[in-house]
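The values are calculated or read from the model by the stated rules, or taken from the named source; none is laboratory data. Here the structure is a predicted model, which means the values were calculated and not measured. Because the Cβ atoms are built from the backbone with ideal geometry, glycine has one as well, and the counts that use them run over all protein chains shown. With ligands, DNA and RNA removed, areas are computed over all heavy atoms of the protein, side chains included. Shrake-Rupley method; radii C 1.70, N 1.55, O 1.52, S 1.80 Å.
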Amino acid sequence: MIKILYEKWCEISDKIRFLLIGGINAAFSYLIFAIALYLIGHEHYQLCVALQWIISSVFSFVNQKVFVFCTKGHWVEEYLKCCTTWFISYLLNVVVLELLVRFLIPNAYISQIISIFVVSVSTYILFKYFAFRR
């Protein structure tokens with residue numbers, strides 16, 4: 001029964017699966033960011049972003065591999081490609097967050113929510129055509 005449900009799930013468009021699972025990943029990542037920002041302090045928001053990306057990477061990898069792109073095998077190869085994807089996404093996140101905090105929205109909580117949405121598009125493209133390319 002679980003196998004049938006999983007196969008049906010994998011028949012749904014990967015864009016829809018990415019939006020659903022990506023939403024869960026984004027919420028988990030943002031929660032880590034918000035907690036770190038609260039504990040470490042607002043002036044260290046870039047450190048909080050780094051912690052967010054490091055901690056949420058394994059959670060995100062499993063979700064992307066199993067529930068978004070439905071790939072089998074190649075765990076190590078795909079994880080290494082995901083690390084490359086995350087590094088690029090992290091750099092983009094850092095730049096977008098910095099620009100938002102400095103010039104538009106000084107509140108790091110709000111700026112990071114916006115940054116996550118901006119970065120999500122590039123992350124989907126990198127995952128689909130690089131990390132989990134079949």
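Quick rundown of the values:
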| read-out | value |
| --- | --- |
| Number of positions in region 58-67 that are more than 11 Å from Asn25 (Cα to Cα) and open to solvent by less than 10 Å² (accessible area, probe 1.4 Å) | 1 |
| Unique match (being closer than 19 Å to Phe28 by Cα and either outside any helix (DSSP H, G or I) or out of contact with any Gly (no Cβ under 9 Å at 6 or more places or on another chain) (or both)) among Val96, Val101, Val121 | Val121 |
| Test result for Ile55, open to solvent by less than 80 Å² (accessible area, probe 1.4 Å) and either among the aliphatic types (A, V, I, L, M) or at negative phi (or both) | no |
| Filter result for Lys15 (open to solvent by 40 Å² or more (accessible area, probe 1.4 Å) and either within 14 Å of Phe132 (Cβ to Cβ) or at pLDDT 95 or above (or both)) | yes |
| Near pairs, Cβ below 8 angstrom, 6+ apart or cross-chain, from region 59-82 (closer than 19 Å to Lys8 by Cα) to any residue that is among the polar types (S, T, N, Q) and part of a helix (DSSP H, G or I) | Asn63/Asn25; Gln64/Asn25 |
| Subset of region 31-44 (residues that are at pLDDT below 95 and surrounded by 14 or more Cβ atoms within 10 Å (Cβ to Cβ)) | none |
